[in-house]
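Student: My questions will all concern the structure given below.
The values are calculated or read from the model by the stated rules, or taken from the named source; none is laboratory data. Values in this document were obtained by computation on a predicted structure and should not be read as measured data. With ideal geometry, Cβ positions are generated from the backbone for all residues, glycine too; neighbour counts draw on all protein chains shown.
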Amino acid sequence: MLSCFGEGVDAQLLDRKPFRFDHRLMGHPSLSIENLARVIPRLPASQVMYSTRMLSTSDNFEKTFRQRPLDRSIEETIETLRTSDSYIMVSSPQTDESLRDLYESLIGDVEALMHERGIAGKAVTPKLYLFLASPNSVTPFHIDRYSTFLLQFRGSKQVTVSMPFDDRVVTQENCENYVAYVNTQLPWRPELDAYSTCFDFAPGQALHIPFVAGHHVRNGAEDVSISMSIIFNTPETMMWREALNFNQRARKWFGRMGYRPAPVGEGGVRDGLKAGAWRAYARVRSY
Ligand SMILES: [Fe+2]
């Protein structure tokens, strides 16, 4: 039995389709606002990123946290969360003792699902994130270079998620450039939501966001939001990452000659071959 995730999780859908299910962590004492208000200011500043302005769905999510707000401390930001239009993102909060067991249990559940789907081995570079957000705050449209489980603890939100590798939502070229860190601004317009599923998301629920599935989040108006995500790669998503990097470079070098690389994520052996070529190129380049 899984210790954090509830019954009825279909492991076969991992990185194939977004899906919602229940988690078992409601009422966990480490995740109360009181404990978090104690833990977060004690963590190294490099693990605590925050913004003190309202974001919009079309903002560049990855650029949001590059500059630290000068007008407000983290303590004040947490205290005024209900009214301050703020967003706090904490990476690896399990460096505080009170969250360590929780982190270990989540990784255990993730690996149990991977094994159920026939993926051997351990989760690759897993990482835990904690999010605290003001009512109505928005996480702009973006994709992730990893697989995600998002868990909600307080406040409601709407999470809109597309299918992975849906070219209508994120073109292959934009996906390649994003994964290769060449351009992290993805074009978004409201009509794109027609191709996605909008999940109403409440405390006690969890959501799977597949590798490179486009998504954006809008928190409810009634309360602050506390949520957590466990992100990780699998041997399959690592292969896709490398194949996308291969495509990005090949398109850049040979695009002018009319070369259009075949899309990544369609199955078969092609992605594995591209990933192998990318690894060989990366090895040569590092000499
Ligand atoms: Fe994300």
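Student: Exactly one condition in (1) of a type in the set (Phe, Trp, Tyr); (2) surrounded by 17 or more Cβ atoms within 10 Å (Cβ to Cβ); (3) over 17 Å from the mean Cα position of the chain (by Cα) is not met by residue 141; state its number.
Tutor: (3)
Student: Any residue at all in the range 128-142 that's within 16 Å of the ligand (Cβ to nearest atom) and in a loop (DSSP other than H, G, I, E, B)?
Tutor: yes
Student: Further question: Given the structure, is residue 286 within 16 Å of the ligand (Cβ to nearest atom) and out of contact with any helix residue (DSSP H, G or I) (no Cβ under 6 Å at 6 or more places or on another chain)? Spell out the reasoning first.
Tutor: Details: within 16 Å of the ligand (Cβ to nearest atom): no; out of contact with any helix residue (DSSP H, G or I) (no Cβ under 6 Å at 6 or more places or on another chain): yes.
In short, no.
Student: Take the residues of the range 143-156 that are within 13 Å of the ligand (Cβ to nearest atom) and part of a strand (DSSP E or B): which is nearest to residue 178 (Cα to Cα)?
Tutor: Taking the range 143-156 as the starting set, the residues that turn out to be within 13 Å of the ligand (Cβ to nearest atom) are 143-150.
The next check asks that each one be part of a strand (DSSP E or B); those that pass are 147-150.
On the way: 147: 15, 148: 17, 149: 20, 150: 21 Å.
Among residues in the range 143-156 that are within 13 Å of the ligand (Cβ to nearest atom) and part of a strand (DSSP E or B), the one nearest to residue 178 (Cα to Cα) is 147.
Student: Something else about it: Which residue pairs have Cβ atoms under 9 Å apart, sit 6 or more places apart or on different chains, and have a first residue in the range 24-35 that is touching a residue at least 12 places away in the same chain (Cβ under 8 Å) and closer than 17 Å to residue 77 by Cα and a second that is surrounded by 14 or more Cβ atoms within 10 Å (Cβ to Cβ) and of a type in the set (Phe, Trp, Tyr)?
Tutor: none
Student: Quick one: which helices (runs of 4 or more DSSP H) lie wholly within the range 171-287 and hold at least 3 residues that are within 18 Å of the chain's Cα centre (by Cα)?
Tutor: The helices (runs of 4 or more DSSP H) meeting that bar are 172-179, 235-254.
Student: So which residues in the range 186-200 are at pLDDT 95 or above and either in contact with a helix residue (DSSP H, G or I) (Cβ under 9 Å, 6 or more places away or on another chain) or within 14 Å of the ligand (Cβ to nearest atom) (or both), if there are any at all?
Tutor: The answer is 196, 199.
Residues checked against (1) surrounded by fewer than 20 Cβ atoms within 10 Å (Cβ to Cβ); (2) over 30 Å from residue 255 (Cβ atoms); (3) not β-branched (Val, Ile, Thr):
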{"position": "125", "(1), (2), (3)": "yes, yes, no"}
{"position": "137", "(1), (2), (3)": "no, yes, yes"}
{"position": "153", "(1), (2), (3)": "no, yes, yes"}
{"position": "162", "(1), (2), (3)": "no, no, yes"}
{"position": "169", "(1), (2), (3)": "no, no, no"}
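Student: While we're looking at this one, here's another question. Is one or more of the residues making up the range 65-77 surrounded by 18 or more Cβ atoms within 10 Å (Cβ to Cβ), more than 19 Å from residue 150 (Cβ to Cβ) and either at pLDDT below 80 or touching a Leu at 6+ places or on another chain (Cβ under 9 Å) (or both)? Spell out the reasoning first.
Tutor: Quick first cut of the range 65-77, residues surrounded by 18 or more Cβ atoms within 10 Å (Cβ to Cβ) only: 74, 77.
Still in the running and more than 19 Å from residue 150 (Cβ to Cβ): 74, 77.
From the residues that got through so far, the ones that are either at pLDDT below 80 or touching a Leu at 6+ places or on another chain (Cβ under 9 Å) (or both) too are 74, 77.
Yes, the range 65-77 has at least one match.
Student: What are the residues in the range 142-183 that are over 18 Å from residue 208 (Cβ atoms) and either among the aromatic types (Phe, Trp, Tyr) or touching a Lys or Arg at 6+ places or on another chain (Cβ under 7 Å) (or both), if any?
Tutor: Hits for the range 142-183 are 173, 176, 178, 179, 181.
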